[in-house]
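S.K.: Attaching a single structure in structure tokens format; questions to follow.
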Amino acid sequence: MYVLSIIIESVGLVVGSVVLAGSLCWLAVRLHHTRWAPFLVVILLPIVPLSSLNQSEFARLSAICVLVGALFLWLFSGADRAPPHIGGE
């Protein structure tokens, strides 16, 4: 029974961290600044080690998931692509 509770707690930590990171990245994209979204997400990360949250497994795992989410935002947000040209030229 003890092993089952450890497994359920671990799955809850992972799922909760991914949901938190996904919602934070989604919120950054919804600000209508898709080029700045990865940087806005990364700016929030120093809050974790500067506060007393760094002892929490959930906070550390969420910070790692947010870093991965910011990497995906940076790669797939179109920050390095030019806007499409509309016109007759």
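Readers should treat all values here as calculations from the given coordinates under stated rules, not as data from a laboratory. Treat the numbers as computed from the prediction; the structure is a model and nothing was measured. FYI the Cβ positions are ideal-geometry reconstructions off the backbone, even for glycines, and counts take in every protein chain you see.
S.K.: Subtracting the Cα-Cα distance from 0.36 nm times the residue separation, let me have the gained length for LEU44 to SER23 in nm, one decimal.
M.R.: 6.2 nm
S.K.: Another question about this same structure. What 222 nm value per residue comes from the helices of the chain, counting each DSSP H run with n ≥ 4 as -39,500 (n - 2.57) and dividing by all residues, nearest 500 deg cm²/dmol?
M.R.: Dividing the helical sum by the residues of the chain leaves -21500 deg cm²/dmol.
S.K.: Compute the normalised compactness of the chain: alpha-carbon radius of gyration over 2.2 N^0.38 Å, N being the residue count. It would help to have the intermediate numbers written out before the result.
M.R.: Details: Rg = 17.3 Å, N = 89, 2.2 N^0.38 = 12.1 Å.
Normalised Rg, Cα atoms only: 1.43.
S.K.: Can you compute the modelled spin-label distance between THR34 and ILE6, with each label point 7 Å from Cα toward Cβ, in nm?
M.R.: About 4.4 nm, to one decimal.
S.K.: Ok, one more. Percent relative contact order of the chain, based on C-alpha pairs within less than 8 angstrom and at least six residues apart? Don't jump to the answer; show the numbers that get you there.
M.R.: On the way: 64 pairs, mean separation 31.5, N = 89.
Relative contact order of the chain: 35 percent.
S.K.: At a Förster radius of 30 Å, what calculated FRET efficiency corresponds to the Cβ-Cβ distance of PHE72 and SER51, to the nearest 0.05?
M.R.: Details: r = 25 Å, r/R0 = 0.85.
Efficiency at R0 = 30 Å is approximately 0.75.
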